[in-house]
C-alpha cells in the first residue's frame, strides 16, 4: 500500500520571457486555472498531492520569482533542489538560450553530476503560429543534456502540465532508489549473478522490497525533497 511522501519544489523565474510562463503552469497544475498575468515580485508556495507510479507524493511548489536579481539566493534554491523543470516559451528563442547557462550552473552546483533530474519544457504550445523554436531544435537541446525528457505544454489548454511534474518526480524517485541500492551494497558473494540459487533470488526480491519501503518511510519523514526551478 502506498504511503504519502513529502517533497519540496521551487519555481524560479530567471529573467525575461520566463517570468510570464512558469506561474501560469503552476496555477494550472495546482488550482486547475489559467491566468493571463501575475505579479512576479511575490514569492509564494503551493502544495499538491500527486500519484507517481502508485506512490502518493506531496509536492510543494515554491514560486521564487525575482531571485534572478540575487545570485546567492538562486544558487541556494539550486543547491537545495533534487529535480528541475527548465521552462522556455516556444515563441522566444532567447528564453531557450537562457536555459543553457542555467543548466550548466545546476550541474556545477550539483558537483558535476550530469544526471540531475531535469525536464525541458516548451510552454505556450497553443501559440503555434508564433512559434520561434522548432521541435527539432528543442529536441537537440534535450539530447545534448543527456536525453532529458522534452515536453511541449500549454497552461491555457492544460496540455502536458501534470505530466511534466510527474516525470521529474519519477526521475527523482529512481535516482534515490538507485543511490539507496548502491549504499546498501551486496550482502553476499555472487549477488545478482546468473548462478544464484532460487532462495538467493527470493532474498534479493525481499531486499528490493525493503528498499522501496524504506524509501517511502524516508519521504514520509520529509527526507527527500524535490525542488523545481
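Checking 97, 163 one by one, the residue that is out of contact with any helix residue (DSSP H, G or I) (no Cβ under 6 Å at 6 or more places or on another chain), surrounded by fewer than 19 Cβ atoms within 10 Å (Cβ to Cβ), over 30 Å from residue 51 (Cβ atoms) and modelled with pLDDT of 90 or more is 97 and no other.
Tell me which strands (runs of 3 or more DSSP E) are completely within the range 69-173 and hold 3 or more residues being touching a strand residue (DSSP E or B) at 6+ places or on another chain (Cβ under 7 Å) and in contact (Cβ under 8 Å) with a residue 40 or more places away in the chain, or say none if there are none. Step through it out loud before you land on a result.
On the way: elements: 84-89, 118-123, 150-152.
The qualifying strands (runs of 3 or more DSSP E) are 84-89, 118-123.
The values are calculated or read from the model by the stated rules, or taken from the named source; none is laboratory data. All of these numbers come straight from a predicted model, not from anything done at the bench. All Cβ positions, glycine included, derive from the backbone under ideal geometry; neighbour counts span all protein chains shown.
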